[in-house]
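**Q** Pasting a structure here, questions to come.
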Amino acid sequence: MVIMLIPFACRWHWNLHWWLMGGQTVVLEGLRVCPSERGQGVAGVIQRVTDSYIKQVYPSVTTKRGTRKDNPGPEKLSKFTLLACRAVLSLCGEAESFKGFVSGLKSKLERMEKPGGPKNNQKLFVLKDSHQLKPLLLDPDLPLRLQLPGGAIIQDWQPLKPMESNLEILERRNLTWLVDSVNEKPMFMSFHTPLYPVPFRGGSLRFNIDMFGTDVSTARKALIAHLEQVLEEIHDTVLVQIYMPQTFGGKDDKVL
Ligand SMILES: *[C@@H]1O[C@H](CO)[C@@H](O)[C@H](O)[C@H]1NC(C)=O
């Protein structure tokens, strides 16, 4: 078996409250320093320059958002409002073994639903059409119902409040969405990105899944459904990152 689990590292999402004027948020898209230049304050200089540039060009910006892999520590956190900490599950394996892995997960799920016990008949619906998605995402109840971290839909590392301009950003990413209800108010929502090539092991495919909600048994079903959606497209080595509420990484409630 070559599926590898690197379970439940934690990703921190922070909010740095900036100069208080208007009511807008700038999202830090990414900043990476090459290994040989690290530890010399390069990233800090770049951040200070871009911060003052943004302040000049967009004076109404009040909040900056970003994400980091490690725990920033109390000193750094005191400057930020912590938006959320999400659990991350990583899967890595050869495409040939993926089908077996997914069917293994399915039978595990069936065994977990004890005979005679309460059955989770939760159906999941695939949404690709933004017209169907829009009313669901713009519903003002959504953040509370899905326990959206900091009220934001965090796609991969990027927190986006469910508002019209951010929906356009999400739409450009060609995500495949899953919800547990199309007409009524969904209690669970997840999505995966298209597969994209990464240089890992001389060329691999990667995709990311994000999950929101509180019911871990629905999350298990959703995970299987997302993996099944890509089975026909994968080849060589496949990497999957699954971002989810920390509760899904709990001792008794693991998604996997
Ligand atoms: C989304 O799909 C369009 C049309 O197929 C394509 O041009 C674009 O590159 C895709 N974007 C991403 C992020 O995959």
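Only the coordinates and a few stated rules stand behind these numbers; no lab work does. All values reported here derive from a predicted model rather than from experimental measurement. Reconstructed Cβ throughout: ideal geometry from the backbone, glycine too, with neighbour counts over all protein chains shown.
**Q** Could you list, in sequence order, all residues of region 196-215 that are surrounded by fewer than 22 Cβ atoms within 10 Å (Cβ to Cβ) and among the aliphatic types (A, V, I, L, M)?
**A** 198, 205
**Q** Quick check, is residue 213 away from the ligand (no atom under 16 Å from the Cβ) and over 16 Å from the mean Cα position of the chain (by Cα)?
**A** Here the answer is no, as residue 213 does not meet what is asked.
**Q** Quick one: which of 173, 220 is within 20 Å of residue 100 (Cβ to Cβ) and either touching a Phe, Trp or Tyr at 6+ places or on another chain (Cβ under 7 Å) or among the basic types (Lys, Arg) (or both)? Quick ask: steps written out before the conclusion?
**A** On the way: 173 fails: within 20 Å of residue 100 (Cβ to Cβ).
Sole residue among the options that is within 20 Å of residue 100 (Cβ to Cβ) and either touching a Phe, Trp or Tyr at 6+ places or on another chain (Cβ under 7 Å) or among the basic types (Lys, Arg) (or both): 220.
**Q** Among (1) more than 15 Å from the ligand (Cβ to nearest atom); (2) in a loop (DSSP other than H, G, I, E, B), which single condition is residue 190 missing?
**A** Exception for residue 190: condition (2).
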